[in-house]
Amino acid sequence: MTAIDTDNSALEWLQKKIISKKLEKKITTINVSFFDFKSDPGFYDIILAEGFLNIIGFEPGFPEVVNMLKSNGYFIIHDELRENEKKCECIRKNRCELIDSLFLDEKVWWNDYYKQLDNEINTVKNGQLADLFSSDLKEIEYYKQDPSPFKSIYYIVRKL
């Protein structure tokens, strides 16, 4: 398994978790941009993109990721709930099948993520932890002001 990210602090945090679970032989972390990441075409069985396509753009990023999948490989995408029809069309145009999707309302972000993160950071009062999650803390404040944009969707896609 390979985890890539440009955020070295996040990867260091993940690496500590990997070590604590004794998974060093199963999970590799690489500090690299997706566009600089080198992978053989058709190498991966499953790829998970957690918010990744939201950052680089669904239409330019989707075919790049699909190229890394084996035939009949799966691509699980978590993305903003915007332009759903356009994204479904992009999936079809790139020789993929939408197996299923799961819509998440804005309450999921608070109940399953932000609330715990907010409590953890504020309980610990750890400056380094706060620095690591500074962008998340900004999102928490944004969420508190207006939760409506926090609707999201998971797409489960199979490469044909």
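The values are calculated or read from the model by the stated rules, or taken from the named source; none is laboratory data. Every value quoted in this text rests on a predicted model; they were computed, and no experiment measured them. Here the Cβ is made from the backbone with ideal geometry for all residues, glycine too, and neighbour counts use every protein chain on show.
Annotation: of all residues in the range 100-114 being hydroxyl-bearing (S, T, Y) and at pLDDT below 95, the one that is nearest to the chain's Cα centre (by Cα) is Y113.
Here is a yes/no grid of residues against (1) over 16 Å from the mean Cα position of the chain (by Cα); (2) touching a residue at least 12 places away in the same chain (Cβ under 8 Å); (3) surrounded by 13 or more Cβ atoms within 10 Å (Cβ to Cβ); (4) under 22 Å from V108 (Cβ atoms):
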{"position": "P41", "(1), (2), (3), (4)": "yes, yes, no, no"}
{"position": "I76", "(1), (2), (3), (4)": "no, yes, yes, yes"}
{"position": "E80", "(1), (2), (3), (4)": "no, yes, yes, yes"}
{"position": "N84", "(1), (2), (3), (4)": "yes, yes, yes, yes"}
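Taking the criterion of being buried (at least 16 other Cβ atoms within 10 Å of the Cβ) and either more than 17 Å from the chain's Cα centre (by Cα) or within 26 Å of Y143 (Cβ to Cβ) (or both), the residues of the range 56-74 that qualify are I56, F58, G61, G73.
Residues of the range 7-29 include at least one that is under 26 Å from P149 (Cα atoms) and either in contact with a strand residue (DSSP E or B) (Cβ under 6 Å, 6 or more places away or on another chain) or among the small types (G, A, S) (or both). May I ask you to list the residues in the range 20-39 that are surrounded by 11 or more Cβ atoms within 10 Å (Cβ to Cβ) and out of contact with any helix residue (DSSP H, G or I) (no Cβ under 7 Å at 6 or more places or on another chain)? Of everything in the range 20-39, those that are surrounded by 11 or more Cβ atoms within 10 Å (Cβ to Cβ) and out of contact with any helix residue (DSSP H, G or I) (no Cβ under 7 Å at 6 or more places or on another chain) turn out to be L23, T28, I30, V32, F37.
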